[in-house]
Amino acid sequence: MGAADVVREGPARAFMLCNEAIVRGAIEADVKVVSAYPGSPTTEVLDTLSAVAPGFDYRMEISANEKVALETCAGASMAGLRTITSMKSVGLNVASDAFYSLSYTGIKGGMVLVVADDPQAHSSQTEQDGRTFGPSAYVPMLEPSNPAEAKRMVKAAFEISERYGVPVLLRTTTRVNHQSGIVDLGKLERKPFAKVRWDHPPGRFVTVADSARTFKLAMLERTTRLEAEFDGSDLNLVEDTGSDTGIVTSGAGYNYSVDACRELGIEPSMLKLGTTYPLPKKLIGDFLKKLKTVIIVEELSPYLELHVTAIAKDANPSVRVVGKWTGHFSEAFEYNTNIVVEGIAKALGTKLPVDYKAVMDKAKELKEGLADRWPTFCPGCPHRASLHALRQALKGVKHVVATDIGCYSMSFLEPINYGDTLLCMGACTGVAAGLQYAVEEKVVAIVGDSTFYHAGLPGLVNAIHHGDDFTLLILDNEVTAMTGQQPNPGSDANAGGRAAKPMVIENVLRGFGLEDITIVDPYDVKNAVGPMKDALARKGPNVIISRRACALHADRLKRKRGEKISSNDVSKEACKKPYTCIREFYCPALSIDDDDRKSVISKELCDKCDVCAKLCPFGSIKEREGG
Amino acid sequence: MAEREFSVYMSGVGGQGLVLLSNVIGAACASAGIRALTGEQHGLSQRSGSINVHMRIGERIRSPLIPIGGADALLALEALEALRYVEYLRPGGIVLMNSRVQHPVSETAKHMKDKQARYFSADEVRARLSRVTDKISVIDALTLAKEAGSTLTENIIMLGALSTVEAFPVPVDALKRSVAENVPKKAVDVNLKAFELGRSKAREQLCHVVKCRD
């Protein structure tokens, strides 16, 4: 497991997270330049590349955003080096401008783009189906189902990429990225890093007007050749059982289909597509010819269903296509074996092996009164204090809050319930610009440091230029906290712990000509309220920076230095139950004693940030005896 | 050995070392030549939220997610998180749950307003679960972890308990080796002690209702 297996010399066998297996595949394929911005469920690709970077000679950047990451790989791949980047599908939205053009210009050195969808929106703002990127950009797309296959496909993707001079998408979903399994490790035969000579004619990678038209024709011809290769590719798997029922599936859908058939005790033929763009139409047509019924198992949009239906028109017009359009499966949320069992059973008129509804009804009854446990700010999180101070500063002021993507997004969840709009990375500044034209209330925008550098900058430049009247609160905690405390442009280190130049937000703002900047320390919570209140009362645009390191990041540094993290305790005598320490604050370390109703602090959970101690009007919270 | 299948639904609260626990089991499987896979949670939900890992052992299993009613055992590092995923437990399946309760902040918010409110307790969880199975062991993992030498070893206490179950197809030696190889170097001894403490506790509390092994 972990980085140790990623660097282990093969042949060997390991239990690996799929994202680690992807990295292992790239390293076995002798990748030379890597760049990425973190985003769940792909973050561990970046984390692993960064963790093992000191042992290899590939060049790596943790980029300011996905577009820069993709462009960095593009540049190096144009020159002739192998590159890999990874991002969630909403990250490819950000990078898509470069992505579409890159399919036109092509590349020379192999380039792999890992793009992950998040059915169920576990850690994303939408359930976007990233498979549309392949066909709309004419970029070949591979889909693995498990870690071993992901490793193999990364290596295949580099080969395909170089053979056709085009980047290759490795499309995954959360339940593939965050699946661990047994992986066979190959040999690590790497050549030493060496720069190459630029050996292209002038204009080779320039796409505009006439050259764009030339590229377009070449791109179509390339896609035809790719489809012919994929028709015979061993990345696609046909399991012909002789049944007149078949399943067409890919990625996570294959895993659920295999298990569902076992649950149901049936053995349909199976076509598992590993190449989902361009689709191998001949292979699919041949598969359909022997069938009376074909069931399409795919999460999200009916992408395979659309194409299978179209292919069936010529290959086997009488085949019954079962999928989302027939109401057997949903376009919403992630699947599981039981969902696929229900879809197949309904299509074939077979009995369910388990009465899932009865189990769910019973579970619901048993869980009566069990409180939800939504993710929330960690004990010691400075954001909790920043948002508390902000709400104190806004007491009596009617306001609208445009928030953004990061840990602070969690403020809209129970029981804090704070925040009015959230769209995508960096949107708060643009949305605030629109709000200040439209609403009578004070407009506040909230962004974290990493998101500010990622996509918040253009919106703020726009606001300063136009004199838009809102206050931007920047929560600066030194790292990209939500995805696991990766460095960002404000950090003094980058991938592999290499030194980097830290940007200073107030210097950036002054460079834009913004003078109204207020800086507060959220741990000094009471003294933060006054300056925030003053800033919020002034005409915008202006900025409040609330600065304090992410608690998880700071604790890690403390442990490294051998410092002990102590905890606080509530004095039973002093506590008069005003719940100042709990209200609007909701730290997981704090609860209420069932009997005397006084506040209780968990020794194990408390981070001793002292914010609740400072808020307590009776001074009842002090350091715990013995730490 | 390889044909035996076993699925454990593991749950807890973000920060309790659930992913490490599943990695220890998975690495033990890799070394013992057993096919295993997991469906894990990383990212947003780790922030003091409810988390789960689907741990699946078996040659023919492909789905990283355990279906409804498909878990042979439910292993919960926090009591409430055992009840939260009860639909995954096979009727009559095994429940290994920590007696420790971490009160959700949404429950505390209600407590502030309602003086009569009582927190959901481990006893209540046990009572509710006993309506679907009689194979329940409630383990005070925090106390045992302190005894082992670190409050961070609750996960390995629970693994020790699970390792006594005969149907759990991973050899005890492979598990111990995996613990030693996958926890931080300086914490190996306390974790191995935690593993043994978990085993002893399960022998007292579980082996009268579940078939155990040495």
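The values are calculated or read from the model by the stated rules, or taken from the named source; none is laboratory data. Here the structure is a predicted model, which means the values were calculated and not measured. Don't worry about glycine lacking a Cβ; one is built from the backbone with ideal geometry, like all the others, and counts go over all protein chains shown. Please note that ligands, DNA and RNA were not included when accessible areas were found on the heavy atoms of the full protein model with its side chains. Shrake-Rupley method; radii C 1.70, N 1.55, O 1.52, S 1.80 Å.
Distance from the Cα centroid of region A:334-385 to that of region B:15-77 is 16 Å (rounded to whole angstrom). Largest accessible area first, the listed residues A:LYS292, A:LYS67 line up as A:LYS292, A:LYS67 when surface is computed with a 1.4 Å probe on the assembled protein chains.
Amide H contacts for A:LEU413 (H built 1.01 Å from N in the peptide plane; partners 5 or more residues away or on another chain; cut-off under 5 Å): A:TYR418. Of the trypsin sites (Lys or Arg not before Pro) found in region B:148-214, those that fall in a DSSP loop while having at most 12 other beta-carbon atoms within 10 Å are B:LYS211, B:ARG213. Computed from label points 7 Å out along Cα-Cβ, the spacing between B:GLU147 and A:ILE519 is 5.2 nm. Candidate cross-link partners of A:LYS560 among the lysines, defined by an alpha-carbon separation under 28 Å and a same-chain spacing of 8 or more, comprise A:LYS501, A:LYS603, A:LYS608, A:LYS614, A:LYS622, B:LYS146, B:LYS176, B:LYS185, B:LYS186, B:LYS193.
The Cα center of region A:166-198 and the Cα center of region A:388-407 differ in position by 43 Å.
For the pair A:THR326 and A:ALA228, the difference between a 0.36 nm per residue extended length and the Cα-Cα distance amounts to 32.2 nm.
For peptide A:172-182, compute the average count of partner chain beta-carbon atoms within 10 Å of each residue's beta-carbon.
Numbers: counts 0, 0, 6, 6, 2, 2, 9, 9, 15, 10, 9.
Mean partner-chain Cβ count within 10 Å for A:172-182: 6.
In chain A, the longest principal axis of the Cα atoms and the axis of helix A:18-28 are about 60 degrees apart. As a length-normalised measure over Cα pairs under 8 Å and 6 or more apart, the relative contact order of chain B settles at 21 percent.
Charged side chains reduced to their Cβ positions (Lys and Arg at +1, Asp and Glu at -1) give the protein assembly as shown a dipole of some 760 debye around its Cα centre. Each DSSP beta bridge with both residues in chain A is either parallel or antiparallel, and the antiparallel ones are about 25%. Panel values: region A:382-558, Kirkwood radius from alpha carbon pairs, Stokes-Einstein at 37 °C and 0.692 mPa s, translational diffusion coefficient 203 µm²/s.
Subtracting the Cα-Cα distance of A:THR241 and A:ALA121 from their residue separation scaled by 0.36 nm leaves 39.6 nm.
Taking every Cα-Cα distance in region B:5-100 and sorting them into 10 Å bins starting at zero, the pair-distance distribution P(r) comes out as 18, 51, 29, 3 percent. Considering every alpha-carbon pair of chain B, the percent of pairs per 5 Å bin, from zero through the bin containing the longest distance, is 1, 8, 15, 20, 22, 17, 9, 4, 2, 1, 0, 0.
Protection proxy ranking of A:460-467, A:435-442, by the mean of other Cβ atoms within 10 Å over each peptide's residues and highest first, is A:460-467, A:435-442. Could you work out how far the C-alpha centroid of region A:496-540 sits from that of region A:579-610, in angstrom? The distance from the Cα centre of region A:496-540 to that of region A:579-610 comes to 30 Å. May I ask you to list the residues of region A:209-240 whose amide nitrogen lies under 18 Å from a point 7 Å from Cα along the Cα→beta-carbon direction of A:HIS200? Counting backbone N atoms under 18 Å from the label point, the list is A:209-220, A:222. Here region A:382-558 is assigned +1 on the Cβ of each Lys and Arg and -1 on the Cβ of each Asp and Glu. Its dipole about the Cα centre then comes out at about 320 debye. Normalising the average separation of contacting C-alpha pairs (under 8 angstrom, six or more residues apart) by the number of residues puts the relative contact order of chain A at 11 percent. With only Cα atoms counted, region A:564-627 has Rg and Dmax values of 10.6, 32 Å. Surface composition of region A:237-362: carbon and sulfur make up 57 percent of the accessible area, probe 1.4 Å.
With the convex hull constructed from alpha-carbon coordinates only, region A:285-347 shows a mean projected area of 4.0 nm² over all directions.
Partners of A:LYS272 within straight-line reach, counting lysines whose Cα lies under 22 Å from its Cα and excluding those fewer than 8 residues away in the same chain: A:LYS151, A:LYS155, A:LYS281, A:LYS282, A:LYS289, A:LYS290, A:LYS292, A:LYS313, A:LYS324, A:LYS346.
What FRET efficiency, computed as 1/(1 + (r/R0)^6) with R0 = 56 Å and r the Cβ-Cβ distance, is obtained for A:ASP492 and A:GLU221, rounded to the nearest 0.05? The pair A:ASP492/A:GLU221 has a calculated efficiency of 0.70. Computed from phi, the 3J(HN,Hα) profile of region A:87-100 under the Karplus parametrisation 6.51, -1.76, 1.60 (θ = phi - 60°) reads 6, 7, 5, 5, x, 5, 4, 5, 8, 5, 4, 5, 4, 5 Hz, with x in place of Gly and Pro. Ranking B:ILE61, B:GLY49, B:PHE168 by how far each Cα lies toward the positive end of the dipole of region B:6-205 (charges on Cβ) leaves B:GLY49 at the top. Helix A:382-393 axis versus longest C-alpha principal axis of chain A: approximately 60°, rounded to the nearest ten.
Taking label points 7 Å from Cα along the Cα-to-Cβ direction, B:GLU196 and A:ASP97 give a separation of 6.3 nm.
What list of ³J(HN,Hα) values in whole Hz, one per residue of region A:213-221 in order, does the Karplus curve 6.51 cos²θ - 1.76 cosθ + 1.60 (θ = phi - 60°) give from phi, with Gly and Pro shown as x? With the stated coefficients, region A:213-221 comes to 5, 5, 4, 4, 5, 5, 5, 5, 5 Hz.
Sorted into 10 angstrom bins from 0, the C-alpha pair distances of the protein assembly as shown split as 2, 12, 21, 25, 22, 13, 5, 1, 0 percent. Sorting A:20-33, A:300-313 by average packing, meaning the other beta carbons within 10 Å per residue, from highest down gives A:20-33, A:300-313. In µm²/s, what is D for region A:456-509 at 37 °C and 0.692 mPa s, where D = kT/(6 pi eta Rh) by Stokes-Einstein and Rh is the Kirkwood radius from Cα pairs? Roughly 256 µm²/s, to the nearest whole number. Calculate how steeply helix A:66-79 sits against the longest principal axis of the alpha-carbon atoms of chain A, using the helix alpha-carbon long axis, and give the answer as 0 to 90 degrees to the nearest 10. That helix lies at roughly 50 degrees to the long axis. Amide H to amide H distances under 5 Å link A:ARG320 with A:THR293, A:VAL294, where only residues 5 or more positions off or on other chains count and H is placed in the peptide plane. The phi torsions of region B:12-25, fed into the Karplus equation with coefficients 6.51, -1.76 and 1.60 and a -60° offset, translate into couplings of x, 10, x, x, 8, x, 6, 5, 4, 4, 5, 5, 4, 5 Hz, rounded to whole numbers, with Gly and Pro shown as x.
With a Förster radius of 25 Å applied to the beta-carbon distance between A:LYS398 and A:ASN462, the computed FRET efficiency rounds to 0.50. A probe of 1.4 angstrom, applied to the heavy atoms of all protein chains, finds A:CYS609 with accessible area near 30 square angstrom. Shielding of peptide A:300-308 by partners, expressed as the average count of other chain Cβ atoms within 10 Å per residue Cβ, is 0.
Think of the protein assembly as shown as having a plus end and a minus end, set by charges on the Cβ of Lys, Arg, Asp and Glu; of B:ALA32, B:MET10, A:ASN527, A:ASN527 sits farthest toward the positive end of this dipole.
Treating the beta-carbon of each Lys and Arg as +1 and of each Asp and Glu as -1, no other charges, what is the dipole magnitude of region B:6-205 about its Cα centre, to the nearest 20 debye? Charge dipole, region B:6-205, about its Cα centre: 220 debye, nearest 20. Working note: Cα gyration tensor of region A:63-102, eigenvalues times five, square-rooted, sorted largest first, giving semi-axes of 17, 10, 8 Å. So for region A:298-357, taking the charge dipole from beta-carbon charges (+1 Lys/Arg, -1 Asp/Glu), which of A:VAL340, A:PHE329, A:VAL319 sits furthest toward the positive end? The Cα lying farthest towards the positive end belongs to A:VAL319.
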